[in-house]
Structures are given as C-alpha cells and as structure tokens.
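The next block holds one structure in the form of structure tokens; read it before the comments.
FYI, it's all coordinate maths here, none of it is from the lab. Source: prediction; values computed, not measured. FYI the Cβ positions are ideal-geometry reconstructions off the backbone, even for glycines, and counts take in every protein chain you see.
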Amino acid sequence: MADSNIILRVESLSKIYQLGQFGSGTISQDLNQFFNKVRGREELNRSVTSNELSTKSNGLVYALQDVNFELKRGQVVGIIGKNGAGKSTLLKVLSKVTRPSSGKIYIKGKVSSLLEVGTGFHPELTGRENIFLNGAILGMNKSEIKNKLDEIVDFSGVAKYLDTPVKRYSSGMTVRLGFAVAAHLEPDILIVDEVLAVGDAEFQKKAIGKMQEVSQDDGRTVIIVSHNLATINELCSHSLLMQAGKQVAFDETQKVLNLYTRSVKSEEKIRSFSYESEQVKCWDFSFSGDDRIYDINSRISFGFSFLFKIDVLRPLFRIDIYSVQGVHICREDFTISSVTEGYQESLKITIPKRFLNADYYYINVLLAEDRVQTLLLMKEALQFEVIPTSELAYSDIRDKNTGVVLSPLEVEISA
C-alpha cells in the first residue's frame with residue numbers, strides 16, 4: 001500500500017458458496033446417498049436446489065461480489081444494508097474466519113473482531129483464561145495482557161465471574177467481556193458486528209464511547225455493522241452500503257444514509273393491505289390524497305379502518321412514529337369505550353405542520369384491550385417522507401445535528 005496512512009485495502013473481493021448437499025456427516029450415510037443417486041432414487045437428505053427456488057444459477061451464490069474500498073488509520077466506518085446484503089460475510093472475510101473466493105485484502109497490523117456471541121472464547125475456559133488466550137492470538141505477551149487485565153474486567157463488569165467457565169455466562173455477560181477484550185487488547189483494526197444489540201442500553205452507550213475513544217485518541221480503525229442507523233450516523237465518518245452481496249456506495253455517512261433510505265423508499269409500492277388476528281382486523285391504511293411526500297409546512301393525515309371480531313373492554317390504540325434510522329419520535333395512546341363483536345369504524349390521525357424535520361418515517365400501530373392484552377401489532381404499517389421547503393435548506397436540514405423535530409423555540413433579542 002503506497003499511502004502509509006492506508007491500513008486496509010480490499011480489491012475485487014468475492015465470496016461464492018455452493019448450494020446443495022455436501023455430505024451428511026458419516027461415511028455410511030454418504031455411501032447410501034451415492035447409491036441412491038446411482039439407482040435414481042430420491043436422496044432423503046438432499047437440500048433444496050436453486051432450480052426449485054426458480055433461479056437460473058448453476059448452484060453457486062455470490063455472498064460477496066467485486067467489493068472494493070480502502071480505510072485509513074483512525075477511521076470509523078459503518079457497513080449497512082438489508083438482511084442478506086453480505087455485511088456479516090464481509091466481516092468474516094476481513095477477520096479471516098473464512099477465505100475469499102477471489103480478490104485481495106491488504107491489512108496493516110492486528111485485527112480483533114466481535115462477530116457473534118462467544119466469538120473467540122473457549123466455553124470450558126474461565127473468563128480470565130479466555131482473556132489471556134485472545135491476547136496470545138493477537139501476538140501479545142503475558143505481561144502486556146496483565147497490564148490490560150484490570151481495564152478489561154472493569155469495563156466488562158464481570159469481575160465476580162472472572163474465574164467461572166464462560167459456558168456459564170449469560171449472552172449479555174459474554175458480549176460485554178468479548179467486546180472489552182476486543183477493544184482493550186490494542187488491535188489496529190476493531191471489527192464489531194450487530195452482536196452489540198444483545199447488550200443493555202447502558203453497555204451499548206459504553207461500547208459506543210469506547211469505539212470513539214480508540215479511534216480518536218488511539219488512532220485505531222473501527223468497522224461496525226449495525227441496523228441501527230442512528231448509531232451509524234453518530235459513530236461513522238464514512239459508510240459502505242451493501243445490497244445482495246454487491247457494493248452500492250462507499251462515501252460520507254450522511255450521503256450513504258440518504259442513498260439507503262431513498263432506495264428503501266423506491267422499493268415500496270402503495271399497497272392496499274390488511275392486518276388480522278383472531279380478535280380484530282385492520283385495513284385500508286392510507287394517507288389523505290394518497291400522497292406520501294410532504295413538505296415541513298404541511299399537515300399529514302393518515303388513517304385506517306378496523307373491525308372488532310369479539311367484545312373488547314376499553315380498546316387502546318397506540319400510534320408510534322419512528323425515523324428510518326430507528327429513532328422513536330413520539331407516541332400517542334388513546335382509548336375508546338368498550339365495544340361489542342362486529343363494531344366497525346375508521347380512524348384518522350393528523351400530524352401538525354412544522355413538527356417533523358426533513359427525513360423518512362414509518363408508523364407502527366398497536367391495538368390492545370384495556371392496556372393489558374395485545375390484540376394486533378402492525379409494524380411499519382405506513383411510511384412517508386418529509387422534505388424541506390426549498391433545495392437550499394435541503395443539505396442543512398438533514399444534518400444529524402439539527403434534531404429529529406423542528407424547533408418550536410421563540411427567540412427574542414433586545415437591547
């Protein structure tokens with residue numbers, strides 16, 4: 001790598017997997033499958049083929065295809081995309097958990113990764129023993145690991161269980177210790193998958209702070225995969241957008257997030273759909289005028305129809321609005337009088353103008369009986385976009401520091 005500041009370079013990286021059955025695990029079963037195939041009999045253990053999935057492939061599937069990017073020392077980079085986009089596969093290849101099918105990876109220095117709960121831990125060893133094991137794998141000697149031991153234990157909060165086998169840890173304890181080990185043993189590149197979602201809110205806050213610290217203060221590179229776009233926006237200067245194993249974009253995080261949310265929106269179609277449970281049915285979700293794009297000075301009205309199939313005591317309607325980054329904007333709860341079987345009505349909700357900032361949003365709807373029993377939960381029942389009133393304001397109003405709602409403050413200057 002010509003540029004001394006480049007710590008990781010990926011060139012034409014691809015990973016291919018073969019669909020189908022490779023072996024049953026025992027010689028006798030493999031022989032039985034072989035003779036069944038020779039005799040034209042159906043193999044009992046065969047897997048679903050690509051043709052049965054209505055594809056025209058030759059049995060190969062690209063988990064990654066022609067990925068190219070490079071990272072500088074001290075960068076924090078996010079990898080985003082839908083499930084199955086290839087994010088975790090990319091991390092496994094970068095961590096050398098699996099080999100690439102083609103392409104090249106150039107890495108300067110040591111890589112520490114936290115890909116899954118318990119990654120790098122031996123379940124029979126104690127927490128203390130696993131710390132020393134991970135340090136040795138990273139090339140550290142015993143005295144270097146001892147110098148970091150107190151920091152790791154204090155950060156993870158598992159001092160009481162340090163000499164207990166890891167197999168007896170809860171998933172949360174395992175993640176805390178795993179992240180503490182990965183972050184404190186001075187790797188040049190720290191790789192973290194969505195596994196942090198297992199931890200509680202307090203630990204997630206500590207982990208985010210630690211990743212910022214190792215990047216800004218220690219000059220270490222951090223790669224993080226998360227479905228929480230708010231975390232990516234807060235942490236990462238640049239992001240990589242993946243789709244179906246292919247690299248869609250690698251750029252400044254705000255630009256990539258805007259591209260991602262626009263791509264999600266472009267895939268959505270205005271649909272007439274319904275949700276139904278044994279107790280209630282909801283349908284005809286729509287916005288007034290069938291529009292889903294509003295400027296910040298517009299009132300936004302939406303609604304749906306509902307039918308109760310049983311008698312319900314004090315039905316509760318709960319409306320939650322989220323930004324596409326997963327930030328909870330607001331909640332509205334309201335109840336109506338008890339209803340009898342067959343009760344049918346329509347509901348309409350209006351969001352006042354100049355409340356939501358320019359962004360993409362979705363609405364969750366929940367129906368419950370007397371605030372106790374959930375009758376029906378409808379996730380992302382509606383999606384819409386709020387845009388600024390002029391292109392001049394567009395770049396400023398979507399900046400991550402402007403807030404999720406428009407400011408209602410009144411400012412007055414006097415002599």
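Observations
- Projected over all directions and averaged, the alpha-carbon convex hull of the stretch 71-264 occupies 10.8 nm².
- Per-peptide packing, taken as the mean over residues of other Cβ atoms within 10 Å, places 359-371, 97-109 in the sequence 359-371, 97-109 from highest down.
- Stretching Val411 away from Leu313 to a fully extended chain increases their span by 30.6 nm, per 0.36 nm per residue minus the current alpha-carbon distance.
- For the cross-link pairs Lys72/Lys246; Lys72/Lys110; Lys72/Lys167; Lys15/Lys142; Lys210/Lys379; Lys108/Lys148, the ones whose C-alpha atoms lie over 26 Å apart are Lys72/Lys167; Lys15/Lys142; Lys210/Lys379.
- Ordering of 239-248, 375-384 by packing [mean C-beta count within 10 Å, highest first]: 239-248, 375-384
- D (Stokes-Einstein, µm²/s), Kirkwood Cα radius, the stretch 274-397, 1.306 mPa s at 10 °C: 103 µm²/s
- Phi to ³J(HN,Hα) by Karplus 6.51 cos²θ - 1.76 cosθ + 1.60 over the stretch 104-113, Hz, x for Gly, Pro: 9, 10, 10, 10, 9, x, 8, 10, 10, 9
- Solution diffusion estimate, µm²/s, Stokes-Einstein, the stretch 95-184, Kirkwood Rh from C-alpha pairs, 4 °C, viscosity 1.567 mPa s: 94 µm²/s
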